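Engineer: Submitted below is the structure of interest, expressed as C-alpha cells.
The values are calculated or read from the model by the stated rules, or taken from the named source; none is laboratory data. Because the structure is a prediction, the values reported are computed rather than measured. Cβ: placed from backbone, ideal geometry, glycine included. Neighbour counts: every protein chain shown.
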C-alpha cells in the first residue's frame, strides 16, 4: 500500500485518505475543497472479511469538495469529479465532468481548458 503523488499534485485541507491499497494521484491533479474521502477498503459481507482495491486519479484531474471515492475507482486524465459525488467505478473517457451519486458523465471539457494546460501546480 502507498500514497503516490505526481508532480505538482495537491491535496487541500481535511481530507481522509485510506491507503489499505495503493492510492495514486496524477501530475497536476487537485483534491480540492474539504472533507473528501478516498477509501480503498470495505467489508465483503458475503465473505465476511475485508476487501481492498487501489484508486487511481489521473493527470490533471480535479476532485470537488466533499466527494467520496471507493476502491477500484479510476478517474481518467483531464477529468473533473463534481462536488459531493461518489466515484465507485473505473471511468474511461478523458475530458469529461463526472457528477452525482453514483457519478456519471454529465459534460465534455475542451482539451485547451486552462486547468489542463498549466505548467505549474499552484493556481492563482
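Engineer: Got at least one residue in segment 93-110 being touching a residue at least 12 places away in the same chain (Cβ under 8 Å) and in contact with a helix residue (DSSP H, G or I) (Cβ under 6 Å, 6 or more places away or on another chain)? Lay out the reasoning, then the answer.
Structural biologist: First pass over segment 93-110, keeping only residues touching a residue at least 12 places away in the same chain (Cβ under 8 Å): 93-103, 105-106, 108-110.
When the remaining residues are screened for being in contact with a helix residue (DSSP H, G or I) (Cβ under 6 Å, 6 or more places away or on another chain), the result is none.
No, because not a single residue in segment 93-110 is touching a residue at least 12 places away in the same chain (Cβ under 8 Å) and in contact with a helix residue (DSSP H, G or I) (Cβ under 6 Å, 6 or more places away or on another chain).
Engineer: Do any residues in segment 12-29 that are on the phi > 0 side of the Ramachandran plot have Cβ atoms under 8 Å from those of residues that are modelled with pLDDT of 95 or more and assigned to a loop (DSSP other than H, G, I, E, B), where the two are at least six apart or on different chains, and which pairs are they?
Structural biologist: 14/35; 28/6; 28/7; 28/8; 28/9; 28/59; 28/60; 28/118
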